[in-house]
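All remarks here apply to the structure that follows.
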Amino acid sequence: MQHMVMLGRPVMHYSPPQLGKKRAKVAKVMHEYAEGELHSSSGQTVTSHDQAVAIAMSESGMARKKKRQR
């Protein structure tokens, strides 16, 4: 976990368990981009960092809007 000092006291950041899986997926996709192995849906190699981020967010589910819980 990451620590942050706020008002002289360390503060722990909480991340839900699902977020760890999503971050791992984003890291995997960005690694593919860095290695030059990431392809778009049309089959062409992705050369844009912004496009790689968009693909990573889409595949991990972070791009979807959260539903309101009742």
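Things to note:
- Residue pairs meeting the criteria (Cβ under 8 Å; at least 6 apart or on separate chains; first closer than 14 Å to residue 60 by Cα, in segment 25-40; second among the polar types (S, T, N, Q) and open to solvent by less than 40 Å² (accessible area, probe 1.4 Å)): 25/60; 26/60; 29/60
- Filtered residue count, segment 41-60, keeping only those that are surrounded by 14 or more Cβ atoms within 10 Å (Cβ to Cβ) and either modelled with pLDDT of 95 or more or farther than 20 Å from residue 19 by Cα (or both): 1
- Restricting attention to segment 17-69 and to residues that are outside any loop (DSSP other than H, G, I, E, B) and of a type in the set (Val, Ile, Thr), the residue that is farthest from the chain's Cα centre (by Cα) turns out to be 45.
The values are calculated or read from the model by the stated rules, or taken from the named source; none is laboratory data. Bear in mind the structure is a predicted one, so any value in this text is a computation, not a measurement. Methodologically, a virtual Cβ is constructed for each residue, glycine included, from the backbone with ideal geometry; neighbour enumeration extends over all protein chains shown. Just so you know, the surface numbers come from the protein's heavy atoms only, side chains and all, with ligands and any DNA or RNA stripped out. Shrake-Rupley method; radii C 1.70, N 1.55, O 1.52, S 1.80 Å.
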